[in-house]
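Report on one structure; see the data block that follows.
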Amino acid sequence: MPHSIEAYLQLKSAAPAGFSADGSRVLVVSNESGMRQLYTVPVAGGPMRRISDFPEPLSRACYIPATNTAVVQMDTGGNERMQIYRLEDDGSGFAAVVYDPEYIHRLGGVSDDGRLVAFSSNRGNGTDFDIYTHDLGSGAERRVFEIGGWCAAAGFSPDGGLLAVLRNSERNADNDLHLVDLRSGNIRHVTPHEKECEYTAPSWLPGGSAFYFTANEGREFLSLARFDVAPGTWKVVFDAEWDAACGIDGAGRHLLVQRNVDGYDTLELRDPRTLELTHTIPLPGKGVVTLADAVTEFGPQFSADGRYVAFPFVAAGEPGDVWLFDTETAEVRRLTELPREVPRSVMADPELQRFKSFDGLTVPAFVYRPAGVTSPPVVVFVHGGPESQYLPVYNPAIQYLVANGFAVVAPNVRGSTGYGKRYEHLDDVRLRLDSVKDLGALHGWLPSIGLDSGRAALMGQSYGGYMVLAGLAFQPELWAAGVDFYGIANFVSFLENTAAWRRKVREVEYGSLENDRDFLREASPLTHVAQMRAPLFLLHGANDPRVPMSETEQIRDALAARGVACEMVVYADEGHGLTRLKNRLDAYPKVVAFLDRVLRG
């Protein structure tokens with residue numbers, strides 16, 4: 001007999017957030033208690049020890065260098081108004097560092113001498129994010145960067161004299177890297193450019209004369225680049241065939257290069273001076289080495305001396321544990337092993353396939369098949385973003401559905417990241433509905449791979465929720481049902497009612513109210529609600545600052561007025577996503593029961 005959906009939901013994950021001052025412990029973020037809290041685990045092996053008992057899940061954590069004090073950020077009830085705190089890793093000494101609950105404060109690094117914390121905040125005007133430093137000794141704060149727009153602090157140089165800042169431009173998928181001289185106040189624009197390009201945070205060489213980062217200027221994929229401070233010039237030094245990320249240990253022994261190859265990660269170490277390959281880190285299987293959700297991300301971490309690399313490993317059948325690579329012995333071992341009721345052997349692994357869309361574009365999709373079932377009903381899972389990518393990571397609802405005879409197809413429709421710059425821009429503004437047409441092409445492809453297109457439902461979260469509603473509105477003859485988690489029903493009301501800072505960020509992707517109002521209305525599912533006829537399950541967090549709950553209420557009311565079956569569930573203590581186990585345990589059984597009822601009767 002298959003395991004219950006609750007058994008799948010109870011599987012927990014863990015990811016590293018740094019190493020203790022002496023390198024003997026790894027700081028771990030885990031939801032073992034039901035929501036993300038802090039733990040430590042010995043490098044030599046042993047059980048996790050919990051060090052925090054916050055009333056809210058944390059969204060970022062790191063050690064203050066050379067100390068056993070952690071700096072963390074968390075919000076209240078999912079409202080994304082992040083505040084910054086400090087905590088000793090024996091669980092003592094919890095205190096606020098940056099706290100003003102009316103505004104957002106995003107942690108952006110701690111200087112190597114442990115003196116300064118950098119953060120971005122919209123406390124200036126509620127919309128733009130300026131960059132600040134906070135002195136952990138005196139408590140003094142300085143605003144050091146106030147050009148306006150969406151900005152993020154991106155770490156200090158080794159001597160603490162320079163602070164990197166990433167600033168989004170007024171174009172989609174385009175940003176700039178700046179260096180702020182904290183002594184003089186001068187700002188150096190590192191990446192002036194004309195066409196849309198993306199750049200990532202610096203990974204500094206010891207001494208601070210140069211750093212590595214990744215950039216896609218003049219190329220499709222994020223490739224490894226080096227910036228030399230004195231001349232102020234940079235160049236690509238390693239041209240990646242897929243998007244890359246990088247990091248350097250504090251001692252400057254190893255340059256870590258992470259690549260996303262068709263949705264699966266690879267990890268390798270190179271000599272930071274010669275770029276010669278020194279180690280290919282063997283992963284436990286095909287998967288990814290980043291644990292991420294809508295508001296946070298945890299990836300590989302170096303010990304200060306560069307000997308160890310701790311990384312999360314997440315796969316379709318692996319919720320995520322911490323693994324350790326020893327650069328001296330070239331050995332990989334598992335550092336955490338959270339208990340699991342559902343064994344790995346019953347988990348489904350997807351097949352990566354591709355289909356042709358309406359205009360000949362090739363679209364990748366991960367296909368999960370139930371064992372021994374001919375022509376099964378199918379759930380099409382559409383990722384959010386849209387500047388995101390479906391990765392073959394653990395999803396309890398997907399695994400449960402497959403175990404109970406459903407197929408699941410997770411496409412990366414046009415506009416997804418991971419497949420090059422051109423692919424990412426194929427859904428910008430007035431190209432929005434081309435991505436919805438990709439869903440129609442997928443539907444027509446289903447019978448060719450043995451799936452029942454007559455019993456096909458759409459499911460998605462956030463922008464994926466918009467895609468669900470759009471599929472039901474623009475292709476009502478194709479889809480049997482929909483599950484919409486906090487999706488956009490009306491682009492006009494969404495942009496009018498979302499948080500001010502969020503509106504400014506999203507208009508570059510969707511179009512502006514000033515210039516594109518007519519198209520935004522036409523692309524909105526609510527405009528075409530008269531065509532919708534499939535039963536719909538809706539879910540929303542009451543504190544959602546990204547997609548206001550009014551979006552879900554509008555579509556519910558419009559469908560109810562027409563007599564279309566529609567069920568809505570609201571969680572009072574959630575924002576943009578479900579972070580609390582009790583809510584996931586309530587929501588997902590209802591989702592699965594709905595899909596079982598409408599697709600199999």
Selection within region 213-233 - surrounded by 21 or more Cβ atoms within 10 Å (Cβ to Cβ) and either free of Cβ contacts under 8 Å to residues at least 12 places away in the same chain or over 26 Å from the mean Cα position of the chain (by Cα) (or both):
Phe227
Exactly one condition in (1) open to solvent by less than 40 Å² (accessible area, probe 1.4 Å); (2) within 20 Å of Ala480 (Cβ to Cβ); (3) free of Cβ contacts under 8 Å to residues at least 24 places away in the same chain is false for Leu599; which is it?
(3)
Here are some residues: Asn543, Asn515. Which one is part of a loop (DSSP other than H, G, I, E, B) and open to solvent by 10 Å² or more (accessible area, probe 1.4 Å)?
Asn543
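Considering every residue within region 121-128, establish whether at least one is of a type in the set (Asp, Glu), closer than 21 Å to Leu58 by Cβ and either open to solvent by less than 40 Å² (accessible area, probe 1.4 Å) or not in a strand (DSSP E or B) (or both). I'd like the intermediate steps shown before the answer.
Narrowing region 121-128 to residues of a type in the set (Asp, Glu): 128.
Retained after the next criterion (residues that are closer than 21 Å to Leu58 by Cβ): none.
No: region 121-128 contains no residue that is of a type in the set (Asp, Glu), closer than 21 Å to Leu58 by Cβ and either open to solvent by less than 40 Å² (accessible area, probe 1.4 Å) or not in a strand (DSSP E or B) (or both).
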Of the residues Ala316, Ala304, Ala310, which single one is touching a residue at least 60 places away in the same chain (Cβ under 8 Å) and open to solvent by 20 Å² or more (accessible area, probe 1.4 Å)?
Ala304
Any hit, region 319-338, residues being on the phi > 0 side of the Ramachandran plot and either open to solvent by 10 Å² or more (accessible area, probe 1.4 Å) or not in a loop (DSSP other than H, G, I, E, B) (or both):
yes
Counted residues in region 75-93 being part of a loop (DSSP other than H, G, I, E, B), closer than 16 Å to Ile51 by Cα and in contact (Cβ under 8 Å) with a residue 12 or more places away in the chain come to 4
Since Val261 meets every condition but one in (1) touching a strand residue (DSSP E or B) at 6+ places or on another chain (Cβ under 9 Å); (2) modelled with pLDDT of 95 or more, which condition does it not meet?
(1)
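Mind checking which residues of region 234-253 are over 15 Å from Thr214 (Cβ atoms), more than 26 Å from the chain's Cα centre (by Cα) and open to solvent by 20 Å² or more (accessible area, probe 1.4 Å)? Spell out the reasoning first.
Taking region 234-253 as the starting set, the residues that turn out to be over 15 Å from Thr214 (Cβ atoms) are 249-253.
From the residues that got through so far, the ones that are more than 26 Å from the chain's Cα centre (by Cα) too are 251-253.
Within region 234-253, Ala251, Arg253 qualify.
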List, please: which pairs have Cβ atoms under 9 Å, are six or more places apart or on different chains, and start with a residue in region 507-521 that is under 17 Å from Asp174 (Cα atoms) and end with one that is among the small types (Gly, Ala, Ser)?
Val508/Ser169; Val508/Ala173; Glu509/Ala173; Glu509/Gly385; Glu509/Gly415; Tyr510/Ala523; Gly511/Ala523
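Okay, residues lined up against (1) more than 22 Å from the chain's Cα centre (by Cα); (2) among the charged types (D, E, K, R); (3) at pLDDT 95 or above:
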| position | (1), (2), (3) |
| --- | --- |
| Gly34 | no, no, no |
| Leu58 | no, no, no |
| Gly77 | no, no, no |
| Gly93 | yes, no, no |
| Thr133 | yes, no, yes |
Restricting the search to region 401-425, which residues are open to solvent by 30 Å² or more (accessible area, probe 1.4 Å) and in a helix (DSSP H, G or I)?
Ala403, Lys421, Arg422, His425
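Tell me, which residue of region 283-301 that is touching a Leu at 6+ places or on another chain (Cβ under 9 Å) and modelled with pLDDT of 95 or more is most open to solvent (accessible area, probe 1.4 Å)?
Gln301
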If I filter region 133-189 down to residues being farther than 30 Å from Leu431 by Cα, in a strand (DSSP E or B) and basic (Lys, Arg), which single residue comes out as least open to solvent (accessible area, probe 1.4 Å)?
Arg188
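Take Thr274 and tell me if it is without any contact (Cβ under 8 Å) to a residue 12 or more places away in the chain and either among the hydrophobic types (A, V, I, L, M, F, W, C) or open to solvent by 10 Å² or more (accessible area, probe 1.4 Å) (or both). Steps first, please.
Details: without any contact (Cβ under 8 Å) to a residue 12 or more places away in the chain: yes; either among the hydrophobic types (A, V, I, L, M, F, W, C) or open to solvent by 10 Å² or more (accessible area, probe 1.4 Å) (or both): yes.
For Thr274, the condition - without any contact (Cβ under 8 Å) to a residue 12 or more places away in the chain and either among the hydrophobic types (A, V, I, L, M, F, W, C) or open to solvent by 10 Å² or more (accessible area, probe 1.4 Å) (or both) - is met.
Name the residues in region 424-476 that are aromatic (Phe, Trp, Tyr) and in contact (Cβ under 8 Å) with a residue 60 or more places away in the chain, would you?
Start the filter on region 424-476 by keeping residues that are aromatic (Phe, Trp, Tyr), which leaves 445, 463, 466, 474.
Result: Trp445, Tyr463.
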Could you tell me which numbered condition Tyr390 fails, if it satisfies all but one of (1) more than 15 Å from the chain's Cα centre (by Cα); (2) surrounded by 22 or more Cβ atoms within 10 Å (Cβ to Cβ); (3) of a type in the set (Phe, Trp, Tyr)?
(1)
Before we move on, is Val529 of a type in the set (A, V, I, L, M), within 22 Å of Gly440 (Cβ to Cβ) and either touching a residue at least 60 places away in the same chain (Cβ under 8 Å) or buried (at least 19 other Cβ atoms within 10 Å of the Cβ) (or both)?
yes
Note on Val492: of the conditions (1) out of contact with any Phe, Trp or Tyr (no Cβ under 9 Å at 6 or more places or on another chain); (2) of a type outside the set (Gly, Ala, Ser); (3) assigned to a loop (DSSP other than H, G, I, E, B), unmet is (3)
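Any idea which residue in region 362-379 is surrounded by the fewest Cβ atoms within 10 Å (Cβ to Cβ), counting only those that are in a strand (DSSP E or B) and out of contact with any Phe, Trp or Tyr (no Cβ under 8 Å at 6 or more places or on another chain)?
Filtering region 362-379 down to residues in a strand (DSSP E or B) leaves 362-368, 378-379.
Add one more test, that the residue is out of contact with any Phe, Trp or Tyr (no Cβ under 8 Å at 6 or more places or on another chain), and what stays is 367-368.
Numbers: Val367: 19, Tyr368: 25.
Here the answer is Val367.
The values are calculated or read from the model by the stated rules, or taken from the named source; none is laboratory data. None of these values were measured; they are calculated from a predicted model. Don't worry about glycine lacking a Cβ; one is built from the backbone with ideal geometry, like all the others, and counts go over all protein chains shown. Heads up: the accessible areas ignore ligands, DNA and RNA and are worked out on the full protein's heavy atoms, side chains in. Shrake-Rupley method; radii C 1.70, N 1.55, O 1.52, S 1.80 Å.
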